[in-house]
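*Asks:* Just passing along the structure, written as structure tokens.
The values are calculated or read from the model by the stated rules, or taken from the named source; none is laboratory data. Quick caveat, the model's predicted, so the values are computed rather than measured. As a convention, Cβ positions derive from the backbone with ideal geometry for all residues, glycine included, and neighbour counts pool all protein chains shown.
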Amino acid sequence: MAWAPLSGMRAVVTGAAGGIGCEVARQLIAQGATVHGLDRDGEGLERAAREFRAGSFTAYRVDLVDRPELDRVLAELLDGLERRCDILVNNAGVSRLRSLENTDDAMLDWMLAVNFVAAFRVTRALLPALRASGRASVVNIASELALVGQPDYSAYCATKGAVLAWSRALALELAEQRIRVNAVCPGPVDTALLREEFTTHANPDAAKQAEIATIPLSRLGSAADIAPVVAFLAGDAAAFVTGAAWCIDGGKTAR
């Protein structure tokens, strides 16, 4: 491999079966890392494992909201990592288009559990392995909606705002342990999650075009727009970068 800035590094990616998470895994592997991918989508994990070269990707099927199941898988994961983790990408996330009064407790608890609590618990469990790296990087996938508001996304904004605030605090807390922590804030990205949101509108295509109209670059983002930035933050090229929020949104939040 001629170009492998992440050669020999061990990475963990949550939500690795599709979308941004799968593209991040692909980018990390292309740059020489081995990836341990977590997701509740077993079929998606199997597809990823078939695509990536042998030995570069290990799949762990887990529902991040199921705490006993997650604890069991994290123990297995630590053994698979041989107690050293160089890169952690907390990517798993969910979104639902709901007004405040239509967001019931179950929906709120679920979104908070997936988008924030799971990232907190995974990072806490892997902290000894991250510390053992000596040059570890944690990249948390937040959102442009951690920075700006949008109607009917109050619960989602709250959970992603928590991810961003936590990332900044953690960067300061872990700096002396040589663990960098940064957040990536994607704008609207053409993934299954966003396409599902469009289908909740009476005219999905009109909803898509209305979203594109808010973006100065006049297109939706792609997972391939996000993954190289995550890979950069994961590696030694970003050795002096911590506590930052990287907005990748086609200029949407610059308005």
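*Asks:* From VAL189, VAL229, VAL241, grab the single residue that is within 25 Å of ALA113 (Cβ to Cβ) and either surrounded by 17 or more Cβ atoms within 10 Å (Cβ to Cβ) or of a type in the set (A, V, I, L, M) (or both).
*Replies:* On inspection, the qualifying residue turns out to be VAL189.
*Asks:* Kindly indicate the residue of the stretch 70-102 that is under 21 Å from TRP166 (Cβ atoms) and of a type in the set (S, T, N, Q) and also surrounded by the most Cβ atoms within 10 Å (Cβ to Cβ) among those meeting that condition.
*Replies:* The qualifying residue surrounded by the most Cβ atoms within 10 Å (Cβ to Cβ) is ASN90.
*Asks:* Moving on to the next point. Of all residues in the stretch 1-54, how many are assigned to a loop (DSSP other than H, G, I, E, B) and surrounded by 14 or more Cβ atoms within 10 Å (Cβ to Cβ)?
*Replies:* The total comes to 13.
*Asks:* Would you confirm whether any residue within the stretch 208-224 is modelled with pLDDT of 95 or more, under 20 Å from THR14 (Cβ atoms) and among the aliphatic types (A, V, I, L, M)?
*Replies:* Checked the stretch 208-224: at least one residue is modelled with pLDDT of 95 or more, under 20 Å from THR14 (Cβ atoms) and among the aliphatic types (A, V, I, L, M).
*Asks:* Pairs under 6 Å by beta carbon, first residue at negative phi in the stretch 39-60, partner part of a strand (DSSP E or B) and hydroxyl-bearing (Ser, Thr, Tyr), six or more apart or different chains?
*Replies:* Hits for this filter: SER56/THR34.
*Asks:* Would you check which residues across the stretch 195-206 are surrounded by fewer than 17 Cβ atoms within 10 Å (Cβ to Cβ) and either without any contact (Cβ under 8 Å) to a residue 60 or more places away in the chain or part of a helix (DSSP H, G or I) (or both) and list them?
*Replies:* The answer is ARG195, GLU196, THR199, HIS201, ALA202, ASN203, PRO204, ASP205, ALA206.
*Asks:* Is it the case that the stretch 20-31 has a residue that's without any contact (Cβ under 8 Å) to a residue 60 or more places away in the chain, under 13 Å from the mean Cα position of the chain (by Cα) and closer than 20 Å to THR123 by Cα?
*Replies:* Checking the stretch 20-31: at least one residue is without any contact (Cβ under 8 Å) to a residue 60 or more places away in the chain, under 13 Å from the mean Cα position of the chain (by Cα) and closer than 20 Å to THR123 by Cα.
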